[in-house]
């Protein structure tokens, strides 16, 4: 039987897990990569390349290695808990080599495969076969290939959003203006007076780094404030190990909204008081959190000065809504995010505005008649993007396989649109109406939803009866990606052991002096109690309230 062919655009973490998911389902993948190496966003280059993501040299992962790994490939135990970009790229290469994925990738600069995707369009007989025609260019010569499905893994951090029209008289400014994607290292800003616009992960990172290199203060402008985590959680453990748990997530989703807001804000302010630092947003639970432990100390030291929104620019200064002015500016850096574009896609296929939430399960365009086009990684989970894109790929390729085999009926366009409307109402209720939140999802809820569709969601009740140690760890411990390899298609025999030994890998890179191990081993050891206890008390109160009402 001829294998179905799948085109994968991009060889970052979405593309790599896409190749592997194709192979798991018996499909034939062909991955097209613009660069000469894998890694996508995590592949640092000294120069900005058109159509490619760009990062700064000092970028470090925002979540720890046990949540940022792929579900059947734990990171080496000697890897640090938070990974510099070069280290995470090394992990991606280990993953690609282990599962023999490289042979399915056409790199741009390999002599035999100088290939770039120019266009993806529907086959002339798409309504019946669902196929796609992919046009590629090789040394100036174009060629077309027919594929049975296409997964777009080109990334959401490629095309900078530079809203100059929103800043009056910015064209009068005589200094240097750039987007944060152009920033690589701090040396070129030595002695410069810098204003950074936008308080997200990049804005906070750049301000924290530049203020130690520039001879003058760095100013950081934010209209709405932000909620911020430190990588160091309680007692110095990685923060996400106690934050991303099923138990805590269950309380957030089922408890009274006021209680969830109170607990979330308490967790944030336990790290540092956002109001004291003048960065507290109006609605803290609706802001996408950023991760940075250096910014508060830089503010305390007077090296970073927080400023409100900007009213106008002059040739050398910026004026703010509070009436203050910063004079003699040399550089303005816009850390204002990115917009999603697909220059190789026919606009009629994806609709004019990608940001309006037209993707079923945040993956499949609802306006298509055939489920053969998938967008992977265009999502904002408050959790691991690596685990998210992996489960997206597993869901998409399993769906494509079973629908193509006519063994499962796919929802109608009407049914998908109705679900999208309901999902949008829920999203707005949880995260607000800001356009920047249009792709935000509850991490565990979203992962469980896709996993349940492919029978890969762990059966917790069954585990509590048959394997209570594992079951309790899954409920109260960190929701690591291994949980989604315990059962279903792609089941991994090492998943249970990976869950039970994850704290060994967390501890290993820190034990460099031959000292005795100190981390507790029980599912509710002392490292969890301070974080879990408030949620546990709330759960007891919630159960009692439900029991009394019933």
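Each reported figure results from applying straightforward, stated rules to the coordinates on display, with no laboratory input. Keep in mind that what you see is a predicted model, and the values were worked out from it rather than measured. Neighbour counts run over all protein chains shown; Cβ positions are idealised from the backbone, glycine included.
Miscellaneous remarks
- Residues 395, 250 in ascending order of nearby Cβ atoms (within 10 Å, fewest first): 250, 395.
- Available extension along the chain between residue 428 and residue 232 is 67.5 nm, counting 0.36 nm per residue and deducting the alpha carbon span.
- Label sites at residue 171 and residue 369, each approximated as a point 7 angstrom past Cα along Cα to Cβ, lie 4.7 nm apart.
- Length-normalised contact order for region 180-327 - Cα pairs under 8 Å, 6+ apart - percent: 28 percent
- Among beta bridges from DSSP that stay inside the chain, the antiparallel ones total about 45%.
- By the count of other C-beta atoms within 10 Å, a proxy for reagent exposure, 290, 83 are ordered fewest to most as 290, 83.
- For region 93-170, averaging the sequence separation of C-alpha pairs within contact (under 8 Å, six or more residues apart) and dividing by the residue count gives a relative contact order of 17 percent.
- Ranked by how many other beta carbons lie within 10 Å on average, peptides 384-391, 409-416, 507-514 from highest: 384-391, 409-416, 507-514
- Contact order relative to length of the chain, as percent, for alpha carbon pairs under 8 angstrom and 6 or more apart: 19 percent
- Net lengthening on full extension, residue 339/residue 48 (0.36 nm per residue, minus Cα-Cα): 103.1 nm
- Multiplying the residue separation of residue 311 and residue 327 by 0.36 nm and removing their Cα-Cα distance gives an extension gain of 4.4 nm.
- Peptide ranges 160-172, 92-104, 198-210 listed from the most packed, as the mean C-beta count within 10 angstrom indicates: 198-210, 92-104, 160-172
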